[in-house]
Each structure stands twice: as C-alpha cells, then as structure tokens.
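Below is a structure I'd like to ask you about.
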Amino acid sequence: MNQEIIAPRPQLDSAERTFDVLLSSTPRGARLARLLAADQLREWGVRCEAARHVVAELAANAATHGRLPGRSFRLRLQVLGGTLRIEVSDTRGDRWPASREPDAVAESGRGLLLVEAFADRWGVTAGRFPLKTVWAELRLGSPDPGSLDPGSPEPGTPCSGAAGG
C-alpha cells in the first residue's frame, strides 16, 4: 500500500488562532466589532462572556475617542495557548486612555473599569504615529469543542478576571 496515503498529514497548531478586521470608526463599526468577535469566539469554541464586554468597550472607545474622519479602527483577536489577546488599534495616538474614578452621577467613564475587572492584563502600545493599540489579555478555560447552544455562553465557564466569565 502507498505510504503517502497511510501517513497522517501534518496539522496546523490549533493552539494559535488569529482574527483581524478593519471597521469604520462609528457606533455601527463598534457594534459590528462586538458581533464579529462573538461569532469568531463561538466558531473557535471559546466561551467567554467577559471577552464580549472587553471587545464592546474597546471598540466603543475607538469609535468615540479614537475617531478621525475617514479613518478606520482595527480589531484583532488572538488565542495563544490558554490566553485570548484582544487588540483595538486606532489613529488617535495623541489620545491615550486612562482609567479613572467616574463621578457618581456621570453617565459614562466606567468602561476601562470594566476592562480592568474582566482582563488579567491590559495596556496601551504606541505604534507608528499616529497609531495606538489598546489591548487586553484574558486567561481562558479549555475550549468547548461541541457547544449545545452556540449562541449563549455556559454560565460559570472559567475565563478570566476577578469578575469571572
């Protein structure tokens, strides 16, 4: 029998996965980032509600505070081993996010507090001016290869951060 047919084919390392997309710096682009991220994580079998919140916040910040007319922002998801890295890059390198205590009656200003609560690590990296990337890393539980209901995460699934998954 032919050895080439019998021998197993080399497989790609499934521990490393990447998703990358450019989106308009608008509220619609931020919403699309959240929906695309949720769909991609579901496709990978990564069940992590915290990741959806982090993507939503970072994308909303890029569309609101990092917006320059005619410029897009980039969403990048990367799973390396047991860590999900979320990166959102925009072209407002002159405006870096800063976590602060919001006024008790303020209607906004709490987003980065959520990122801090859900992420194991987060930060900002300068790129080639005027680019900046806000990133967050979340430790994942084991990927779920066969979800019963792919549309909703399982409660209590280990994921990341002090707030859980």
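Values quoted throughout were computed directly from the atomic coordinates according to the rules given, and no laboratory measurement underlies them. From a predicted model like this one, the values you see are computed outputs, not experimental measurements. With ideal geometry, Cβ positions are generated from the backbone for all residues, glycine too; neighbour counts draw on all protein chains shown.
When only alpha-carbon atoms are used, what values of Rg and Dmax, in angstrom, describe region 20-106?
Over region 20-106's Cα set, Rg and Dmax evaluate to 13.6, 41 Å.
Also, quick follow-up: Which distance in Å, rounded to a whole number, links the C-alpha centroids of region 15-29 and region 66-83?
Their Cα centres are 5 Å away from one another.
Would you kindly state how much longer the chain becomes between ARG110 and VAL124 on full extension, computed as 0.36 nm times their sequence separation minus their alpha carbon distance, in nm to one decimal? Mind showing how you got there, number by number?
Numbers: separation 14, 0.36 × 14 = 5.04 nm, distance 1.73 nm.
Length gained between ARG110 and VAL124: 3.3 nm.
Once you place label points 7 Å from the Cα toward the Cβ at ARG71 and ALA117, how far apart are they in nm?
The modelled label-to-label distance comes out at 3.1 nm.
Next question. Give me the one-decimal nm value for the distance between modelled label points at ARG42 and THR64, 7 Å along each residue's Cα-to-Cβ direction.
The answer from the label model is 2.6 nm.
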